[in-house]
Amino acid sequence: MITIDDFRKLELRVAQIKEVNDHPNADKLVILTLDLGDRQKQVVAGIKSFYTKEGLIGKQVVLVDNLEPAILRGVESQGMVLAGSDESGLALICPEKNLKLGSIVK
């Protein structure tokens with residue numbers, strides 16, 4: 001269990017996928033370029049088996065914006081996109097309607 005204060009430390013923001021590239025060292029990973037309105041971030045995500053590049057471009061997603069950067073199979077990831085999964089597969093967590101890029105998710 002975490003406290004509400006722990007949860008409040010997360011900075012969740014709306015971002016739009018601007019570019020999708022194959023990861024050079026992993027078959028199931030893609031490299032996303034995300035637009036937050038005032039800046040861009042690069043995120044490595046394990047969603048290649050569930051989405052086409054064309055289906056991802058322009059999609060708004062929820063980003064954990066203050067996650068410490070990590071090197072994933074040789075590529076820096078500057079955050080994490082949220083997704084849910086079950087026996088049927090994986091689905092990105094997306095706003096119900098388009099929001100201003102960088103909007104806070106609470």
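Taken together, the residues in region 1-24 that are over 13 Å from the mean Cα position of the chain (by Cα) and without any contact (Cβ under 8 Å) to a residue 40 or more places away in the chain amount to 10. Whether any residue in region 36-55 is under 15 Å from ILE93 (Cβ atoms) and among the hydroxyl-bearing types (Ser, Thr, Tyr) is what I want to check. Within region 36-55, one or more residues are under 15 Å from ILE93 (Cβ atoms) and among the hydroxyl-bearing types (Ser, Thr, Tyr). Restricted to strands (runs of 3 or more DSSP E) entirely inside region 1-94, those with at least 2 residues that are in contact with a strand residue (DSSP E or B) (Cβ under 9 Å, 6 or more places away or on another chain), within 20 Å of LYS106 (Cβ to Cβ) and not basic (Lys, Arg) are 12-22, 60-64, 83-86.
For ASP27, the conditions (1) out of contact with any Asp or Glu (no Cβ under 8 Å at 6 or more places or on another chain); (2) surrounded by 13 or more Cβ atoms within 10 Å (Cβ to Cβ); (3) free of Cβ contacts under 8 Å to residues at least 60 places away in the same chain all hold with the exception of (2). Listed conditions (1) without any contact (Cβ under 8 Å) to a residue 40 or more places away in the chain; (2) in contact with a Leu (Cβ under 7 Å, 6 or more places away or on another chain); (3) farther than 20 Å from GLU19 by Cβ; (4) of a type outside the set (D, E, K, R) are all met by SER85, apart from (2).
Let's see how each residue does on (1) among the aliphatic types (A, V, I, L, M); (2) in contact (Cβ under 8 Å) with a residue 24 or more places away in the chain; (3) closer than 13 Å to LEU12 by Cβ; (4) surrounded by 11 or more Cβ atoms within 10 Å (Cβ to Cβ):
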residue	(1), (2), (3), (4)
LEU32	yes, yes, no, yes
PHE50	no, yes, no, yes
LYS53	no, yes, no, yes
LYS59	no, yes, no, yes
LEU67	yes, no, yes, yes
VAL81	yes, yes, yes, yes
CYS94	no, yes, yes, yes
LEU101	yes, yes, no, yes
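Every number here is computed from the coordinates shown, using simple stated rules; none is lab data. On a predicted model such as this, the values are computed, not experimentally measured, just so you know. Methodologically, a virtual Cβ is constructed for each residue, glycine included, from the backbone with ideal geometry; neighbour enumeration extends over all protein chains shown.
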